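The values are calculated or read from the model by the stated rules, or taken from the named source; none is laboratory data. The structure presented is a predicted model; accordingly, all values stated were derived computationally and were not measured. Cβ placement follows ideal geometry from the backbone for every residue including glycine, while neighbour counts extend to all protein chains displayed. SASA here: full protein model, heavy atoms, side chains in, ligands and nucleic acids out. Shrake-Rupley method; radii C 1.70, N 1.55, O 1.52, S 1.80 Å.
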Amino acid sequence: MNKRIRLSDSEAENLGLEIRIKKDQKNSKYTITSEQLEKLYIYRGFDPALIGECIEKGISPDKIRHYWHKSEHFSLNVVEEKQDQSVKIGDVFDSIIEKHLKDFQPIKRTQPSSKSNKALKVTITDSHVGMNPNPGNNSLFQYEYNSKIYNKSIEKVYNSILKEHSTFGTFDLLLLDDLGDLADGWNGYTTRGGHNLPQNMTNAEVFEVCVDAYVNLIRSLVEANVANKIILRCICNDNHSGDFGLIINKGIQKIINLMYSNDIVEVDILERFIEHRTYGDHCFVLTHGKDKEQMKGGLPVVLNDKAIRLINDYIEHYDIDSKFIHVEKGDLHQIGYQRTKKFDYRNFMSFAPPSSWIQHNFGDSYSGYSIQVIPKFGNEVSHTDYFIEYDKRK
């Protein structure tokens with residue numbers, strides 16, 4: 001015999017159940033079969049009467065992994081095993097390679113296209129692909145963010161690069177810097193563990209979306225001849241993506257290496273918490289801002305004595321003596337800039353909209369990416385912030 005629980009359309013969709021629908025003018029009435037009810041009760045360990053309360057708090061019953069099961073004779077604290085989806089990534093990777101290499105004609109260059117002494121540097125951070133910023137349609141600002149919206153944002157980056165190319169011509173070098181947290185999590189948790197995250201993609205879907213986005217972007221930029229060489233620099237030591245981000249970027253690197261020689265495109269994967277790279281008189285000290293394992297709190301938006309000591313120790317340890325040292329980080333989703341005697345310090349905004357947790361704890365925030373034009377032997381760096389207006393329901 002069927003039991004009936006009254007749910008809204010969005011609540012029913014959030015449950016992911018196949019249900020028969022009966023509607024009247026005032027309410028939607030969803031009939032849940034006894035087998036579905038049994039699954040919710042026995043295997044999720046809570047009374048279906050509490051489903052509405054879970055959804056109200058933005059908790060999907062299908063994602064509950066830890067609960068108390070109480071009966072007449074005992075009380076158990078149960079932790080369900082997380083589903084391992086890693087095999088699915090292997091399943092899709094060959095098809096991704098085939099898709100990108102099909103009908104691809106390699107490009108060979110014998111000499112640079114221009115003699116420019118300028119680099120174009122594009123910085124993206126905290127893309128959080130796979131994040132659901134509006135779980136249960138109950139977030140404060142109800143942003144939408146999915147693979148389609150993410151790819152539209154990447155297209156805006158491409159158009160911004162073309163704009164700079166139309167002004168300056170072909171650059172000596174194009175630096176695409178991704179400062180970490182490319183993926184929001186793994187199996188619905190940060191890769192550090194213990195922090196549950198509302199997701200709207202599987203691991204395999206996140207992998208494919210990220211790989212496709214960067215490979216397609218690079219291919220379009222090579223064809224547009226925006227620079228003599230392109231380097232994608234990927235930070236993988238971060239608090240959300242961690243080793244999953246490393247897997248994604250290794251996938252990008254493998255495909256790009258099959259498509260282009262290293263003098264045309266290079267994928268540089270940064271696995272340590274802080275690493276540095278040079279261009280002419282400039283040294284870029286790159287970090288996500290929070291690592292994948294050790295740090296309880298990351299580097300701050302506003303420099304303090306502790307952060308200055310850490311950065312100075314790094315500079316001295318590696319004998320960095322470039323004229324201009326730029327420390328660049330993500331993590332805190334905010335724009336910020338400061339200078340010290342030895343270095344300047346820049347925070348970059350999040351590419352993704354704010355998560356539900358950020359919305360409810362800190363309010364609304366801005367999103368976007370940044371572009372810099374950098375003379376190889378000078379410090380007249382121009383910096384432009386491009387803001388992305390993500391749609392939100394009202």
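Results, tabulated for the structure shown:
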quantity: Single residue of Asp281, Asp268, Asp263 found to be within 30 Å of Glu98 (Cα to Cα), in contact (Cβ under 8 Å) with a residue 40 or more places away in the chain and open to solvent by 20 Å² or more (accessible area, probe 1.4 Å); calculated: Asp263
quantity: Residue list for region 282-301, restricted to those being part of a loop (DSSP other than H, G, I, E, B) and touching a strand residue (DSSP E or B) at 6+ places or on another chain (Cβ under 7 Å); calculated: His288, Gly289, Leu299, Val301
quantity: Tally, over region 356-372, of residues that are open to solvent by less than 50 Å² (accessible area, probe 1.4 Å), hydroxyl-bearing (Ser, Thr, Tyr) and in a loop (DSSP other than H, G, I, E, B); calculated: 2
quantity: Identity of the residue in region 112-133, open to solvent by less than 10 Å² (accessible area, probe 1.4 Å), of a type outside the set (A, V, I, L, M, F, W, C) and touching a helix residue (DSSP H, G or I) at 6+ places or on another chain (Cβ under 8 Å), that ends up nearest to Val222 (Cα to Cα); calculated: Ser127
quantity: Exclusive hit being at pLDDT below 95, in contact with an Asp or Glu (Cβ under 7 Å, 6 or more places away or on another chain), among the charged types (D, E, K, R) and open to solvent by 50 Å² or more (accessible area, probe 1.4 Å), set Lys296, Lys292, Lys323; calculated: Lys292
quantity: Qualifying residue in region 200-209 (condition: among the aliphatic types (A, V, I, L, M), touching a His at 6+ places or on another chain (Cβ under 9 Å) and modelled with pLDDT of 95 or more); calculated: no
quantity: Condition check for Gly194: farther than 22 Å from Asn151 by Cα and modelled with pLDDT under 95; calculated: yes
quantity: Qualifying residue in region 176-186 (condition: touching a residue at least 12 places away in the same chain (Cβ under 8 Å) and assigned to a helix (DSSP H, G or I)); calculated: no
quantity: Tally, over region 180-189, of residues that are surrounded by fewer than 21 Cβ atoms within 10 Å (Cβ to Cβ) and either at pLDDT below 80 or under 12 Å from the mean Cα position of the chain (by Cα) (or both); calculated: 0
quantity: Residues within region 373-394 that are open to solvent by 60 Å² or more (accessible area, probe 1.4 Å) and either under 14 Å from Tyr279 (Cβ atoms) or part of a loop (DSSP other than H, G, I, E, B) (or both), tallied; calculated: 7
quantity: Answer residue from region 187-230, given it is in contact (Cβ under 8 Å) with a residue 24 or more places away in the chain and of a type in the set (Gly, Ala, Ser) and is nearest to Pro112 (Cα to Cα) among those; calculated: Ala227
quantity: Scope region 309-320; condition open to solvent by less than 50 Å² (accessible area, probe 1.4 Å) and more than 27 Å from the chain's Cα centre (by Cα); matching residues; calculated: Asn312, Ile315, Ile320
quantity: Among residues of region 231-283, those that are touching a helix residue (DSSP H, G or I) at 6+ places or on another chain (Cβ under 6 Å) and more than 22 Å from Asp91 (Cβ to Cβ), counted; calculated: 6
quantity: Filter result (under 17 Å from the mean Cα position of the chain (by Cα) and without any contact (Cβ under 8 Å) to a residue 40 or more places away in the chain) within region 328-342; calculated: Gln334
quantity: Tally, over region 308-335, of residues that are closer than 23 Å to Ser241 by Cα and outside any loop (DSSP other than H, G, I, E, B); calculated: 3
